Amino acid sequence: MASLGVETIVAAIQGGVVPTGYTDTGVALITANPVDGVDSEGVGYGYENCWGDQNPEVLAMAMELEGAAAGMMSVEEMAAAIADLGEEVIVGLITKTETNPFFVKMREGAQAAADALGITLLTASGQFDTDNASQVTAIENMVAAGVQGILLVPADSSAIVPTIEWAREQGVIVIALDTPTNPEDASNALFATDNFQAGVLIGEYARAAMENPDAAVIALLGLPPGITVNELRQGGFLEGYGIDMESDQIVCVQDTQGDQTLGQTAMENCLVANPEINLVYTINEPAAFGAYTAIENADVADDVMIVSVDGGCSGVEGVVDGRIAATSQQYPLRMASLGVETLARFVITGEAPTGYTDTGVTLITANPVDGVDSEDADFGVANCWG
Amino acid sequence: MTHTNQERTSSTSLVNRVFNIIAAFRLGPFLALLVAGAFFYIQNERFILPLNISLILQQTSWIAALAIGQTLVILTGGIDLSNGLVMALGTVIMTTMAVENGVNPFISIGMGFGVTMAFGLLNGLLITRLKLPPFIVTLGTLNIAFALTRLVATTTIGNLPDIQTIFGERISLFGTTFTYGAIVVFPLYILMWFVLRETAFGRHVYAIGDDREAARLMGIPVNRILIQVYVLAGFFYAVGGWLLIGRIGSGDPNAGQTANLDSITAVVIGGTSLFGGRGNILGTLVGALIVGVFINGLQITGVDPLFQRLITGILVIVAVTMDQLSQRIRK
């Protein structure tokens, strides 16, 4: 209305045409449950175009809801459609390990979605984080079992590609979860956290929260060079903080393997060489807890800020008790449930999913700062995994 | 022929003599530790700070405790791949029993010891009664211990009673603080050195590792000694687990996944033969310290993480090569 009004007045001044009468500025019906015979838009459209302060979390949820409604189908309607098909719908979920709470949550989400839709879920995993061979076997066995689609967390982004290509040649849809394949378009689609954005959030937070950000002395406790997830999170952190790897502020870079004991050892050794470290990036919360034990033992816990990524339940506890200043929370349950629903929609409509879907990331902190959106620890606990 | 041999002997006699002294007193590992220490001191003088020495001891202590058990097993000609994960199982038993099941914290620790020693008994029985190779038996129990650990706990167990983290308590020495955990492994090593050297049990361990059939013919109760060795090793795995709980302040089901190889590395660098019957447990302590010094030294001098692993790998090969060379010279 306002923009149209301003444009009209400008036009009136320039062209001397005085506006008259009534102009309809439009109205749309917004609903999550559209009915025949009445034009409407989905909640994603509605929230995207609404007035008032927008909450990005709600926007993501609204877009997701709208996505689920595409093709005019709710979960119940999809379940009914699948029942009408008269054939068994089978989908597979392959994670890196069975024991990491992140993947346990993923399996919960996939199982819940499969139960709601009335489809069969097969699950498999590797023995350890980089166990490509077990994933190859799992894909082969699932294709042999007649799955229509597979959700896969690739243990090795490149090595798994030929097997994915083979599965797709058999008509199976493959959606990568959490970690992209290399090349990314080797899978039909990718549902994942934007790990770079996750890093940017904690980087921006740290810059705003540090008393003297340009004098901060920084340790990076990550993974070995070349591991994608750390390159993204760490790169995002540096971008958000406004520096790069060449910065003199970075005095210690270590591999923690995401492990608490190794994180502690790495931080202890960093502090020996550089006792003045006062800001620590960690790849995940176990590494953050290890780092905290090290700074606590060195009696510098009050002087050092630790930021992290993941948002697991035990990690959020660290935000509650102040060991971790802020963490970027990701949503494995959403990745998996969205994945299962997307595969179900493919079976019903024949529409294969494409491209990248961001499953969202939220900064969790007990001490919010101006200019960086965040949620408090209660939100973190309510939405954590593990 | 004779002439050539004599010539070679005289030209290498000085080297020989040095090697002889090193070999006779088994000083190789100790010298390597000193050289490594000197090297890192030159790279970064903070290496020699009492604070850093204390940290190296803390970082090494729990692996060193596991390596006591590993040394006993390797001296008999066996190997134990299960020790890190048996230790992890011990730590989650100790901590979950106390924190989640309300068991007296000290009894919980006893239960942890019970479980690791039961695994030792299982290993020993399978190896002696069913005559299975130790490598395969402990590969199996490694996986069993891993799965049981995950059934007990999948995330770290915190808020522990004080008695459980006692080895993380500190005392002041040399102007810095040391944890009890960093210190307690030394008397344990001296105790086991004495046991292996001065008791019938100790001599039997060496005899079995040297030649099991000969030991049997001499009337040594081979099977009973072997079972005792694996149970005793299990005891030291629980000690290692208790030290680790003190160090990180929680029970961690993810702990110890590479500890089997780390402890074998310490044993091998310390000069104990993987074929059994030959070696010195004090060498293992030095071997564990060498690995700890390298990790610490490379980290504080800022070496790229990938090169840290590369150098550790080279270290193992160099240590074994040196040991083989000194063996040949002694013969």
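The values are calculated or read from the model by the stated rules, or taken from the named source; none is laboratory data. Treat the numbers as computed from the prediction; the structure is a model and nothing was measured. Here the Cβ positions follow ideal geometry from the backbone for every residue, glycine too, while neighbour counts run over all protein chains shown.
Would a scan of the stretch B:239-248 turn up a residue that is in a helix (DSSP H, G or I), more than 14 Å from chain A (Cβ to nearest Cβ) and of a type outside the set (Asp, Glu)?
Yes, the stretch B:239-248 contains at least one residue that is in a helix (DSSP H, G or I), more than 14 Å from chain A (Cβ to nearest Cβ) and of a type outside the set (Asp, Glu).
Identify, from the list A:Glu184, A:Glu169, A:Glu165, A:Glu140, the residue that is free of Cβ contacts under 8 Å to residues at least 12 places away in the same chain and either over 15 Å from A:Thr342 (Cβ atoms) or not assigned by TED's automatic domain parsing to the domain that holds A:Asn100 (or both).
Numbers: A:Glu184 fails: free of Cβ contacts under 8 Å to residues at least 12 places away in the same chain; A:Glu165 fails: free of Cβ contacts under 8 Å to residues at least 12 places away in the same chain; A:Glu140 fails: free of Cβ contacts under 8 Å to residues at least 12 places away in the same chain.
Only one candidate passes the filter, namely A:Glu169.
Out of the residues in the stretch A:156-173 that are in a loop (DSSP other than H, G, I, E, B) and out of contact with any strand residue (DSSP E or B) (no Cβ under 9 Å at 6 or more places or on another chain), state the one that is surrounded by the most Cβ atoms within 10 Å (Cβ to Cβ).
The residue in question is A:Asp156.
Tell me, yes or no, whether the stretch B:224-235 has at least one residue that is modelled with pLDDT under 95 and either surrounded by fewer than 17 Cβ atoms within 10 Å (Cβ to Cβ) or assigned to a loop (DSSP other than H, G, I, E, B) (or both).
no
Looking at B:Phe174, B:Phe106, B:Phe186, which one is at pLDDT below 95, under 26 Å from B:Gly292 (Cβ atoms) and away from every other protein chain (no Cβ under 13 Å)?
Residue meeting the stated conditions: B:Phe174.
Can you pull out the residues in the stretch A:299-331 that are within 24 Å of B:Ile157 (Cβ to Cβ), in a loop (DSSP other than H, G, I, E, B) and free of Cβ contacts under 8 Å to residues at least 60 places away in the same chain?
Within the stretch A:299-331, A:Ala301, A:Asp321, A:Gly322, A:Arg323, A:Ile324 qualify.
Output the residues belonging to the stretch A:336-386 that are in contact with a Phe, Trp or Tyr (Cβ under 9 Å, 6 or more places away or on another chain), at pLDDT below 90 and not in a loop (DSSP other than H, G, I, E, B).
Selection gives A:Trp385 alone.
Tell me which residues, restricted to the stretch B:298-323, are hydroxyl-bearing (Ser, Thr, Tyr) and within 14 Å of chain A (Cβ to nearest Cβ).
Correct list: B:Thr301, B:Thr312.
Inside the stretch A:69-110, can you point out the residues that are in a helix (DSSP H, G or I) and under 24 Å from A:Thr193 (Cα atoms)?
Listed by number, the residues that qualify are A:Ala69, A:Val75, A:Pro101, A:Phe102, A:Phe103, A:Val104, A:Lys105, A:Met106, A:Arg107, A:Glu108, A:Gly109, A:Ala110.
Scan the stretch A:313-342 residue by residue and report those that are touching a Ser or Thr at 6+ places or on another chain (Cβ under 9 Å), under 10 Å from A:Cys384 (Cβ atoms) and within 14 Å of chain B (Cβ to nearest Cβ).
A:Cys313, A:Ser314, A:Gly315, A:Val316
Going by the structure shown, is B:Thr312 β-branched (Val, Ile, Thr) and within 30 Å of A:Leu220 (Cβ to Cβ)?
Criteria met by B:Thr312.
Can you tell me how many residues within the stretch B:48-93 are in a helix (DSSP H, G or I) and either surrounded by fewer than 24 Cβ atoms within 10 Å (Cβ to Cβ) or out of contact with any Phe, Trp or Tyr (no Cβ under 7 Å at 6 or more places or on another chain) (or both)?
Of the residues in the stretch B:48-93, the ones in a helix (DSSP H, G or I) are B:48, B:50-75, B:83-93.
Keeping just the survivors that are either surrounded by fewer than 24 Cβ atoms within 10 Å (Cβ to Cβ) or out of contact with any Phe, Trp or Tyr (no Cβ under 7 Å at 6 or more places or on another chain) (or both) gives B:48, B:50-64, B:67, B:70-72, B:74, B:84, B:88-89, B:91-93.
The qualifying residues number 27.
Condition test on B:Thr301, is it at negative phi, surrounded by fewer than 23 Cβ atoms within 10 Å (Cβ to Cβ) and touching a residue at least 24 places away in the same chain (Cβ under 8 Å)?
Values: at negative phi: yes; surrounded by fewer than 23 Cβ atoms within 10 Å (Cβ to Cβ): yes; touching a residue at least 24 places away in the same chain (Cβ under 8 Å): yes.
Spelling it out, B:Thr301 is indeed at negative phi, surrounded by fewer than 23 Cβ atoms within 10 Å (Cβ to Cβ) and touching a residue at least 24 places away in the same chain (Cβ under 8 Å).
Take B:Ile295 and decide whether it is of a type outside the set (Lys, Arg), within 9 Å of chain A (Cβ to nearest Cβ), outside any loop (DSSP other than H, G, I, E, B) and in contact (Cβ under 8 Å) with a residue 12 or more places away in the chain. Quick ask: steps written out before the conclusion?
Numbers: of a type outside the set (Lys, Arg): yes; within 9 Å of chain A (Cβ to nearest Cβ): yes; outside any loop (DSSP other than H, G, I, E, B): yes; in contact (Cβ under 8 Å) with a residue 12 or more places away in the chain: yes.
When the stated conditions are applied, B:Ile295 passes them.
Here's a check for you: in the stretch A:296-312, which residue that is more than 22 Å from A:Leu238 (Cα to Cα) and within 14 Å of another protein chain (Cβ to nearest Cβ) is surrounded by the fewest Cβ atoms within 10 Å (Cβ to Cβ)?
Here the answer is A:Asp299.
Can you tell me which condition A:Ser134 does not meet? The list is (1) crowded, with 23+ Cβ neighbours inside 10 Å; (2) under 16 Å from A:Glu98 (Cα atoms), and all the others hold.
For A:Ser134, the failing item is (1).
In contact (Cβ under 8 Å) with a residue 24 or more places away in the chain, outside any strand (DSSP E or B) and not assigned by TED's automatic domain parsing to the domain that holds A:Gly258: does that describe A:Ala113?
Answer is yes for this residue.
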